[in-house]
1. Could you grab me the full set of residues in the range 102-112 that are without any contact (Cβ under 8 Å) to a residue 12 or more places away in the chain and farther than 14 Å from residue 181 by Cα?
2. Could you pull out the residue among 229, 194 that is surrounded by 12 or more Cβ atoms within 10 Å (Cβ to Cβ), assigned to a helix (DSSP H, G or I) and either on the phi < 0 side of the Ramachandran plot or within 28 Å of the chain's Cα centre (by Cα) (or both)?
3. Can you confirm whether residue 95 is over 22 Å from residue 180 (Cα atoms), out of contact with any strand residue (DSSP E or B) (no Cβ under 6 Å at 6 or more places or on another chain) and at pLDDT below 85?
């Protein structure tokens, strides 16, 4: 899908695509009475530096010329630079090496045809600095264990093998890597946004553990929580606790 998106954006970098978008802009402007020819507000008067007085340079380095808002300017200053910027970011984030690594992660998915195949996991093991011999031995033991388990996700595989993490440390490292490698920075940015709302001036005495728990509850509101079970666990662990009403 990623490769197709990159290819599609590359195919849009032509005169036909620009003409299609520009015609839509013109129709939109006519409909809402927007003047595309209107010049932008003028900047301060630019003067040529003294050291360039006897040279052929007519503007300072980095200054953009005051062009009119015509078709040529939209094409040169907006359309092509925007597409080039998107392509640079996509090719940098999803390089061939990264895409190959993401394809290898499918071998950790239970419904994949290459599920827990040693040959498919070698590149991932090399990326995570895991011992290949130890990995193969652990896979030979684990695959018969989970043969009859109806696993649907990598998370379920992790939960199923967690009681045996001391016996299969390499496989557990691979599973954790498969769960964390595809994660983007969106979750981190969302956590900081929630933390800013939670850690207010009235909560300066909140310790790190409580703040972490409150942020988790705020970010993962979609999780279904059995409050009766939580109350039962709390009552067992804190038998002497009492609710104080003030």
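1. 112 - this is the single residue of the range 102-112 that is without any contact (Cβ under 8 Å) to a residue 12 or more places away in the chain and farther than 14 Å from residue 181 by Cα.
2. Testing whether each residue is surrounded by 12 or more Cβ atoms within 10 Å (Cβ to Cβ), assigned to a helix (DSSP H, G or I) and either on the phi < 0 side of the Ramachandran plot or within 28 Å of the chain's Cα centre (by Cα) (or both) leaves just 194.
3. no
The values are calculated or read from the model by the stated rules, or taken from the named source; none is laboratory data. Computed from a predicted structure; not experimentally measured. FYI the Cβ positions are ideal-geometry reconstructions off the backbone, even for glycines, and counts take in every protein chain you see.
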